[in-house]
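Okay, so here's the structure we're looking at.
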Amino acid sequence: MTPYTTLISPSELRTLADPLILDCRFDLADPAAGERAYRAGHIPGAFYLHLDRDLAGPKTGPDGSFRGRHPLPDRATFAALMRKLGLRAGRQVITCDTQGGPYAARAWWMLRWLGHADVAVLDGGWDGELTPEVPTATPTDWQAREPLVGQVDAAALLGQLGRVRLIDARAPERFRGEVEPLDLQAGHIPGASNRLFKDNLRADGRFKPAAQLRAEFQALLAPHGAATVVHQCGSGVTACHNLLAMSHAGLGDGLLYPGSWSEWSADPARPIAKG
């Protein structure tokens with residue numbers, strides 16, 4: 001069977017023999033809400049990944065610098081967690097949440113960061129039975145491979161401003177600098193274009209058709225190609241939703257700026273724009 005590498009439907013998930021299902025539900029306003037919901041009921045066989053605990057690392061770097069609200073964890077640490085949960089070469093991984101896919105997309109990107117291509121996001125959420133039973137994992141000796149995705153840091157991005165297409169996945173009012181509920185300063189990185197991650201979805205919460213996504217992103221990217229596109233958001237999470245949408249549209253892989261606005265705006269020496 002051909003592996004799923006971007007999106008998968010509930011009916012397609014039901015045909016899989018032994019998927020590794022990762023429940024990534026989360027709420028920024030209530031960080032314990034996703035895990036509570038998981039324990040109340042989840043897709044049979046699914047394991048829970050917590051954004052702060054499993055899909056992010058320490059906010060402060062070894063040099064004491066602020067790395068953003070959800071910096072990437074140590075790659076070896078995340079690989080060890082995946083081994084513990086039973087990841088192996090060729091095993092189909094499915095990530096899911098109930099918020100339209102932003103947290104599932106973060107896990108999707110991170111699995112590809114570990115070099116595992118067979119990972120897809122459950123499109124639109126689960127429509128079947130739920131269980132409170134926590135499954136038992138069978139650890140493996142799987143090892144991470146070369147990353148299938150790329151990233152940039154703040155210093156590299158600063159040196160490339162004006163030469164790359166920068167896409168910000170935050171809400172328009174935050175992008176314009178009218179409000180800022182989470183980070184130190186309001187505004188956006190100079191030269192960025194705004195593409196709210198929710199614009200990738202239809203009214204029913206499922207992703208728009210690939211052809212429609214392709215047309216919308218091509219209009220946004222021109223004249224840049226995907227290889228020179230950098231995606232960011234508030235903390236490197238919802239940016240992965242735009243990366244997933246571009247990949248599903250057949251436009252290839254852009255780069256992720258993991259620190260995103262939370263890291264960028266924490267340094268008063270970095271330029272900001274409003275409007």
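Looking at segment 1-19, I want the residues that are farther than 10 Å from V93 by Cβ and have a partner that is surrounded by 10 or more Cβ atoms within 10 Å (Cβ to Cβ) and among the polar types (S, T, N, Q) with Cβ atoms under 6 Å, at least 6 apart or on another chain. Which pairs are those?
T6/S247; L16/Q92
Give me a count of the residues in segment 161-186 that are assigned to a helix (DSSP H, G or I) and surrounded by fewer than 15 Cβ atoms within 10 Å (Cβ to Cβ).
2
I'm told R176 meets every condition in (1) basic (K, R); (2) within 24 Å of G234 (Cβ to Cβ); (3) in the same structural domain as R69 (by TED's automatic domain parsing) except one. Can you identify the failing condition by its number?
Of the numbered conditions (1) basic (K, R); (2) within 24 Å of G234 (Cβ to Cβ); (3) in the same structural domain as R69 (by TED's automatic domain parsing), the odd one out for R176 is (3).
Has segment 210-220 got any residue that is in contact with a strand residue (DSSP E or B) (Cβ under 7 Å, 6 or more places away or on another chain) and over 13 Å from A249 (Cα atoms)?
yes
Would you list the helices (runs of 4 or more DSSP H) that sit entirely within segment 46-149 and hold 3 or more residues that are outside the structural domain of A239 (by TED's automatic domain parsing) and in contact (Cβ under 8 Å) with a residue 60 or more places away in the chain?
75-84, 102-113
One line per residue, one yes/no per condition, for (1) among the basic types (K, R); (2) within 17 Å of the chain's Cα centre (by Cα); (3) within 20 Å of L55 (Cβ to Cβ); (4) not assigned by TED's automatic domain parsing to the domain that holds L157:
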site	(1), (2), (3), (4)
L196	no, yes, no, no
G205	no, yes, no, no
K208	yes, no, no, no
Q218	no, no, no, no
H224	no, no, no, no
A227	no, no, no, no
Q232	no, yes, yes, no
S235	no, yes, yes, no
C240	no, yes, yes, no
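Output the number of the condition that A154 fails; it satisfies all remaining conditions of (1) closer than 30 Å to K84 by Cα; (2) at pLDDT 95 or above; (3) buried (at least 17 other Cβ atoms within 10 Å of the Cβ).
(1)
Could you please let me know if D74 is buried (at least 19 other Cβ atoms within 10 Å of the Cβ), at pLDDT 95 or above and of a type in the set (D, E, K, R)?
no
Please find, among R25, R53, the residue that is surrounded by 15 or more Cβ atoms within 10 Å (Cβ to Cβ) and basic (K, R).
Matching residue, one of R25, R53: R25.
Taking the condition more than 24 Å from L72 (Cβ to Cβ), surrounded by 16 or more Cβ atoms within 10 Å (Cβ to Cβ) and out of contact with any Leu (no Cβ under 8 Å at 6 or more places or on another chain), does A215 pass?
Taking the combined requirement at face value, the residue does not satisfy it.
I need the full set of residues from segment 1-45 which are in a loop (DSSP other than H, G, I, E, B) and aromatic (F, W, Y), in order please.
Y4, F26
The values are calculated or read from the model by the stated rules, or taken from the named source; none is laboratory data. Source: prediction; values computed, not measured. Note that we place each Cβ from the backbone using ideal geometry, even for glycine, and neighbour counts take in every protein chain shown.
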